[in-house]
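Peer 1: Before we start, here is the structure in question, set down as structure tokens.
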Amino acid sequence: MTKMNFDIISDALRDARTVGVASHIRPDADALGSTIAFALWLRDCGKEVTAYNEEGSTAKFHYLPCHEIVSLPPATPQKFDVFVALDTSVKNRLGTVNKAIAPGTTVLNIDHHISNENYGDVNFIDASAPATGQILLEFFQHVGARVSAEMATNLFAAISTDTGSFQYAGTNERTFAAASHLISCGVDVPGLSRAMYDSQPRRRFELLRHALNTAEFHCDDRIATFSLPMDLVERLKVLPEDNEGIIDHLRSIEGVEAAVFFEELPEGKVRVSARSKFPRIDVCKVCKKFEGGGHPMAAGARVDGTLTQVKNDFLKALSDEIRN
Ligand code: 5GP
Ligand code: MN
């Protein structure tokens with residue numbers, strides 16, 4: 001990473017007094033952790049900071065220090081000198097946050113998705129980083145910012161989740177250097193890991209039980225899938241945040257090369273979440289055919305249609321990608 005690159009971020013924020021920060025709908029710890037850490041840094045710089053997420057900071061993420069800084073977006077446009085979008089590949093994935101950004105606001109887009117559409121007035125995209133949190137830590141080190149234990153914990157959570165606990169493609173010496181630096185800033189690794197990985201609500205476990213019981217195999221057992229119809233969501237009282245990570249159980253099976261999760265949404269759409277086990281299988285490419293995006297080995301889309309229709313169409317496209 002050259003000095004010049006990070007200067008893009010510093011230059012965009014230098015004269016800003018009021019700054020908004022947000023990330024994508026259905027946030028994960030990279031989205032919220034990056035939002036919180038960046039908001040804390042901006043506050044240390046003396047800016048007036050507002051942080052939003054379409055869902056606010058949901059109970060699942062209350063282990064993130066200073067999560068209270070994230071609020072629900074108001075329905076009316078707000079004036080900001082700069083609005084920072086983090087970890088968000090396309091602007092519409094900011095969801096209802098978009099309504100809170102007054103037209104004409106300068107948008108600074110910082111992200112690690114290769115499919116990022118460069119929708120900002122200023123764009124800093126580093127697709128070699130496995131998490132937006134890693135970009136932010138490297139930026140903080142570049143500008144010599146003090147990284148508090150609260151900031152470090154948010155960034156560690158961001159990097160830990162997006163790398164599947166330091167396992168996925170893109171995890172390299174930079175990632176471990178970032179983690180090492182964050183631990184020196186005061187991250188309680190076992191405490192944070194317990195909160196992130198050993199504290200799932202019982203209803204999520206019931207969803208996992210259902211997923212394992214109803215999993216299907218396609219394409220000569222090279223694809224594993226599971227579906228979540230709306231009536232089951234009601235019966236198990238699961239929240240949107242509960243299904244994150246369940247797909248990893250399907251991908252972990254020997255011989256399975258890709259896993260897909262189909263979630264029926266109320267508005268006549270299906271949310272598709274796809275994972276690949278090998279770099280040669282590009283699920284982002286497949287999701288793009290359905291107007292989605294993401295990373296080569298972890299991508300998603302929201303597709304019009306019924307669960308059965310979308311499942312058939314998507315599995316056909318994915319089978320083609322696997323067989324070719
Ligand atoms: P997940 O499957 O966990 O929802 O998302 C995996 C990755 O794909 C994330 O990086 C996420 O940002 C991206 N992604 C998920 N759904 C969509 C979508 O509908 N559109 C785009 N552009 N990206 C998505
Ligand atoms: Mn991310």
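Rule-based calculations on the coordinates, nothing more; no lab input. In this text, all values refer to a predicted model and were calculated from it rather than measured experimentally. Note that we place each Cβ from the backbone using ideal geometry, even for glycine, and neighbour counts take in every protein chain shown.
Peer 1: On a straight-distance basis, which aspartates and glutamates could pair with Lys99 in a cross-link, Cα separation under 20 angstrom, same-chain partners fewer than 8 positions away excluded?
Peer 2: Counting by Cα, and skipping residues close in sequence, Lys99 has these aspartates and glutamates nearby: Glu48, Glu54, Glu55, Asp81, Asp87, Glu117, Asp121, Glu267.
Peer 1: May I pose another question? Can you put Met151, Met196, Met230 in order, fewest other beta carbons within 10 Å first?
Peer 2: Placing the least packed residue first, the sequence is Met230, Met196, Met151.
Peer 1: Using +1 on the beta carbon of Lys and Arg, -1 on that of Asp and Glu, and nothing else charged, what's the dipole of segment 202-323 about the Cα centre, debye to 20?
Peer 2: That gives a dipole near 180 debye.
Peer 1: Can you give me the angle between helix 132-143 and the longest principal axis of the chain, using Cα atoms only, in degrees from 0 to 90, rounded to the nearest 10?
Peer 2: 20
Peer 1: Can you grab the distance from the C-alpha centre of segment 90-113 to the C-alpha centre of segment 146-216, Å, no decimals?
Peer 2: 26
Peer 1: Follow-up question, since we're still on this one. Once amide H atoms are placed 1.01 Å from N in the peptide plane, what residues at a sequence separation of 5 or more from Thr106, or on another chain, have their amide H within under 5 Å of its amide H?
Peer 2: It is Phe83, by chain and number.
Peer 1: For segment 202-323, how many pairs of lysine residues have a Cα-Cα distance under 22 Å, where the two are 8 or more positions apart or belong to different chains?
Peer 2: Lysine pair count for segment 202-323: 17.
Peer 1: Moving on to the next point. Rank the residues Ile101, Ile183 as a footprinting-exposure proxy: fewest other Cβ atoms within 10 Å of their Cβ go first. Numbers along the way, then the final one.
Peer 2: Values: Ile101 21, Ile183 13.
In increasing order of surrounding Cβ atoms, one gets Ile183, Ile101.
Peer 1: If you take all C-alpha pairs in the chain, what percent of them are over 29 Å apart?
Peer 2: On the way: 18877 of 52326 pairs.
Of all Cα-Cα distances in the chain, 36 percent exceed 29 Å.
Peer 1: Still on this structure: Per DSSP H run of n ≥ 4, the term is -39500 (n - 2.57); total these for the chain, divide by its residue number, and report the mean residue ellipticity at 222 nm rounded to 500 deg cm²/dmol.
Peer 2: Values: 11 runs with 123 residues, N = 324.
Using -39500 (n - 2.57) per qualifying helix, the result is -11500 deg cm²/dmol.
Peer 1: Can you put Glu55, Glu117, Glu48 in order, fewest other beta carbons within 10 Å first? Write out the running numbers ahead of the final one.
Peer 2: Numbers: Glu55 20, Glu117 16, Glu48 13.
Placing the least packed residue first, the sequence is Glu48, Glu117, Glu55.
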